[in-house]
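Only one structure is covered here, and it is reproduced in the block below.
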Amino acid sequence: MTAWQVIAPGLLTTVQDQGRTGFGAIGVARAGALDAAAAWLGNQLVGNDAGAAVLEITLRGPTLRLPGPASIALTGAAVQARFEGTALPMQRPVQLPAGTLELGAVSGGVRSYLAVQGGFGVPQVMGSRSTDLRGGFGGLEGRALRQDDALPLSLPSRAMATAPDWPGWWVGPEAIVGAAGAPIRYVPSTHGLATQLAQQSWRASPSSDRQGLRLQGQALATDSGSQLSEPVAPGTIQLPPDGLPIVLLADAQTIGGYARLGHVIAADLPRLAQCGPGQAVAFEAVSLQQAQAAACVQRARMNRIALALRARRS
Amino acid sequence: MSFPVCEALADDALLLRLGERIEVDLNARAHAVAAALSAAAPPWLVDVVPAYASVAVFFDAAVLGDGAHAQVEQALRAALRSAAPSDTHGRLVEIPVCYGGPHGQDLQDSAQALEIPEAELIQRHAAGQYTVGMIGFAPGFPYLLGLDPTLALPRLATPRTRVPAGSVAIGGAQTGIYPRGGAGGWRLLGRTPVTLFDPARGQPCLLSPGDRVRFVPIDAAAFDRWPP
């Protein structure tokens, strides 16, 4: 089986797919790409199934040695990409011959995605190839990439490029998730402070990670610290005793004991995943009906993109 | 507040609350509802997560379409009516535990804090009839109901950065088992040689919510040569 060699791992590079479902009752997190829209688009651009495994790149990318030609796509936040001296573009299929792919700084967000035709071929664990960092399984041995790792591909490459090549068109992230600066929409819970979230300005804390986006700002005056532990989900907005909310992300634990202010709507989780340290985050309260309408709009956009890309390939 | 109540947990998840206390009866109802819904297996069902007194249902919103949460609430309330907690006792699982010494670093301090001999703490902890109230915090971590209330111990002021895998511990009025090494703030009484969670196994988790658990004391030699 073909494998890429990891020459430098980047800051936190993990194998992710759409996540692991069906194991919440035994405490297993969903995991999966944090910006699921970007991972989906990457797979579409190279002609993969939506469930193929991609690399999630955090803030600084890896350097990878490709032993043969490959068809790749870079999506999500912009990442500096060079292949044997040639700068590569984002958001479109790119044909590469054998050589060294150097990914550098990520800008305009936190997370970039590298999809390859066929997908990365790490073994499925509990139905998914996603890395569960807290559980220590899935992906490549349950951890981020390290130097000298061999990153297996699922299929031998069909690509035949002798030089980097790409089309003149591209599909931007806003085509799926909308404008980057728009407020993050959430459905407030019945908690007394739930609507207060939208009245204040917040910033993303540098201590945020794949488990949760921590907010900085004026602490909400909370009296009830902990409550009876209940299930939580990616998107749940927790209010710990210090009054600084945490929005849970894909690596969220399955059960939590903090008060909750509601949940971020599914359509806006990809944009939330791109909020970098210190970045302003504004929230807007919406109804459950509005959340479902937004999800419908997003599914329709994705269907149109999938159809258009299929038409270009045929 | 009157129970049961339902609340949107996510665009694709609904939370059913049966109460807001840790009680054996409430917990048994949560397990019964979860089991009834899993058995009914509606085509939109993605995951069911029971906790102490609540159940989360994750669903495929695209399959359900408009009013997904209301439809799921209906199914949950039907499961609640049909669920029979008395018929759904989980399996009985015996967990061998080597108490004290290097395997239970807090046993001595805990016995002192409770003002009882170490042997009595071991005997009373192992005599308990426990139920897996829920699994969470980490993959495979069981929160066990049924701890003798007089054995309740406050959590450590500063959590340990390294708790050995298999540690059996008390935190507040609860007892549990750490499936994997990592940070943790509960008082470590002993350690089991049994692997609680192995993602490579067909059934990754030894315990399921609702299972009953009995601790069986073993000595250090038996721990070292486990399985016997």
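The values are calculated or read from the model by the stated rules, or taken from the named source; none is laboratory data. Please read these numbers as outputs of a predicted model, since none were measured by experiment. Positions of Cβ are generated from backbone atoms using ideal geometry, with glycine treated the same way; all protein chains shown enter the neighbour counts. Accessible surface areas use protein heavy atoms only, side chains included; no ligands, DNA or RNA. Shrake-Rupley method; radii C 1.70, N 1.55, O 1.52, S 1.80 Å.
Using Cβ point charges alone (K and R +1, D and E -1), the dipole size of chain B about the Cα centre works out to roughly 320 debye.
Placing one equal scatterer on every Cα of the range B:74-162 and applying the Debye formula, the log10 ratio I(q)/I(0) at q = 0.14, 0.18, 0.24 Å⁻¹ is -0.70, -1.01, -1.49. At q = 0.15, 0.17, 0.18, 0.23 Å⁻¹ the log10 of I(q)/I(0) for the range A:194-314 amounts to -0.72, -0.88, -0.96, -1.39, computed by Debye summation with a single uniform scatterer per C-alpha, solvent ignored. In sequence order, the range B:166-179 has phi-based couplings of x, 5, 9, 9, 10, x, x, 8, 10, 10, x, 10, 7, x Hz under the Karplus curve 6.51 cos²θ - 1.76 cosθ + 1.60, θ = phi - 60°, and Gly or Pro positions carry x.
Which angle from 0 to 90°, rounded to the nearest 10, does the C-alpha axis of helix A:288-313 make with the longest principal axis of chain A? Its long axis makes an angle of about 0 degrees.
List the trypsin sites (Lys or Arg not before Pro) within the range B:1-46 that DSSP assigns to loop and that have no more than 16 neighbouring Cβ atoms inside 10 Å. Intermediate results must be reported in sequence, preceding the final value.
Working: sites: B:ARG17, B:ARG21, B:ARG29; in loops: B:ARG21.
For trypsin sites (Lys or Arg not before Pro) across the range B:1-46 that sit outside H, G, I, E and B with at most 16 neighbouring Cβ atoms in 10 Å, the list reads B:ARG21.
The charge dipole of the range B:4-136, taken about its Cα centre with unit charges on the Cβ atoms of Lys, Arg (+1), Asp and Glu (-1) only, comes to about 440 debye. Note on chain A: Cα convex hull, mean projected area over all directions, 15.4 nm². Placing a label point 7 Å from the Cα of B:ALA173 along the Cα-to-Cβ direction, the residues of the range A:227-252 with a backbone N closer than 20 Å are A:227-231.
Net length available on complete extension from B:ALA152 to B:GLN123 is 9.0 nm, with 0.36 nm assigned per residue and the Cα-Cα distance removed. Using label points projected 7 Å from each Cα along Cα→Cβ, tell me how many nm separate A:ASP223 and A:SER287, to one decimal. Here the answer is 3.1 nm between the modelled labels.
Full extension of the chain between B:SER2 and B:VAL24 yields a length gain of 6.0 nm, computed as 0.36 nm times the residue separation minus the alpha carbon distance. Considering only GluC sites (Glu not before Pro) in DSSP loops that have at most 15 other Cβ atoms within 10 Å, the longest stretch of chain A without any of them is A:142-314. Evaluated at q = 0.15, 0.19, 0.20, 0.26 Å⁻¹, a Debye calculation over the C-alpha positions of the range A:134-207 (equal weights, vacuum) places log10 I(q)/I(0) at -1.02, -1.05, -1.06, -1.18. In the protein assembly as shown, a dipole from Cβ-located charges (positive for Lys and Arg, negative for Asp and Glu) runs towards its positive end, and of A:ALA77, B:ILE177, A:ILE305 it is A:ILE305 whose Cα lies farthest in that direction.
I'm a student and want to see the number: the projected area of the Cα convex hull of the range B:92-225, averaged over all directions, in nm². Walk me through the numbers before you get to the answer.
Working: hull surface 30.2 nm².
Result: a mean projected hull area of 7.6 nm².
Given in Å, the Rg to one decimal and the Dmax to the nearest whole number for the Cα atoms of the protein assembly as shown are 24.4, 78. Only one residue of A:ILE255, A:SER107, B:ALA221 has its Cα farthest out toward the positive end of the dipole of the protein assembly as shown, where Lys and Arg carry +1 and Asp and Glu -1 on Cβ, and that residue is A:SER107. For the range B:141-196, the extents of the C-alpha atoms along the principal axes are 27, 25, 15 Å, listed from largest to smallest. Shown in residue order for the range A:237-248 are the 3J(HN,Hα) couplings computed by the Karplus curve 6.51 cos²θ - 1.76 cosθ + 1.60 at θ = phi - 60°: 9, 8, 10, x, x, 6, x, 9, x, 10, 9, 6 Hz (x for Gly and Pro). Averaged over the residues of peptide B:16-28, the number of Cβ atoms from other protein chains lying within 10 Å of each residue's Cβ is 1.
For the range A:199-209, backbone phi angles converted through the Karplus equation (6.51, -1.76, 1.60; θ = phi - 60°) give residue-by-residue couplings of 8, 10, 9, 10, 10, 6, 7, x, 8, 5, 8 Hz, Gly and Pro being listed as x. Taken as Cα centroids, the range B:15-56 and the range B:58-72 sit 18 Å apart, rounded to the nearest whole angstrom. In a DSSP loop and with at most 13 other Cβ atoms within 10 Å, the chymotrypsin sites (Phe, Trp or Tyr not before Pro) in the range A:165-235 are A:TRP169.
At a threshold of 8 angstrom on Cα-Cα distance, excluding pairs fewer than six apart, so keeping six or more, what relative contact order does the range B:5-82 reach in percent?
Details: 119 pairs, mean separation 27.4, N = 78.
In percent, rounded to a whole number, it is 35.
For the range A:189-246 and the range B:166-214, what is the separation of their Cα centres, given in Å? Each part reduced to its Cα centre gives a spacing of 29 Å.
How many partner chain Cβ atoms sit within 10 Å of a residue's Cβ in peptide A:233-242, on average, as a whole number?
Values: counts 11, 3, 5, 4, 0, 0, 0, 0, 0, 0.
Partner Cβ neighbours, averaged per residue: 2.
For A:GLN5 and A:ALA300, FRET efficiency with R0 = 45 Å and r from the beta-carbon atoms, rounded to 0.05?
Details: r = 41 Å, r/R0 = 0.90.
Calculated value: 0.65.
Please average, across the residues of B:45-57, the number of beta carbons from any other chain that are within 10 Å of each residue's own beta carbon, and give a whole number. Averaged over the peptide's residues, the number is 5. Can you figure out the FRET efficiency of A:THR162 with B:THR195, using R₀ = 56 Å and their beta-carbon distance, to the nearest 0.05? After rounding, the FRET efficiency stands at 0.65. The stretch between A:ALA87 and A:SER201, if pulled fully straight at 0.36 nm per residue, gains 37.3 nm over its current Cα-Cα span.
Note on chain B: with a GNM built from Cα contacts shorter than 10 Å, the maximum mean-square fluctuation among B:ALA183, B:ALA169, B:ALA32 falls on B:ALA183.
Please report the relative contact order for chain B, taking Cα pairs under 8 Å with a sequence separation of at least 6, and give it as a percent rounded to a whole number.
Details: 469 pairs, mean separation 45.5, N = 228.
Across chain B, relative contact order equals 20 percent.
Once A and B are treated as a pair rather than alone, how much accessible area drops out, both sides summed, in Å² to 100, probe 1.4 Å?
2900 Å²
Each Lys and Arg contributes +1 and each Asp and Glu -1, all at the Cβ; summed about the Cα centre of chain A, the dipole is approximately 600 debye. As a length-normalised measure over Cα pairs under 8 Å and 6 or more apart, the relative contact order of chain A settles at 20 percent. Selection among B:GLY146, B:PHE58, B:GLY128 by position relative to the dipole of the range B:47-147 gives B:PHE58 as farthest towards the positive end (Cβ unit charges, Cα centre).
Kyte-Doolittle mean at least 0.5 and Cα extent at least 18 Å along the axis: which DSSP H helices of chain B qualify?
Working: long enough: B:24-40 (24 Å, 0.88); B:68-82 (21 Å, -0.18).
Correct list, ordered by number: B:24-40.
Within the listed set A:GLY42, A:GLY136, A:GLY168, the Gaussian network model of chain A (springs between alpha-carbon atoms below 10 Å) gives the highest mean-square fluctuation for A:GLY168. From its DSSP helices (H runs of at least four residues, each -39,500 (n - 2.57)), chain A gives a residue-normalised ellipticity at 222 nm of -4000 deg cm²/dmol. Shape annotation for the range A:1-87: C-alpha extents along the principal axes are 49, 30, 28 Å, from largest to smallest.
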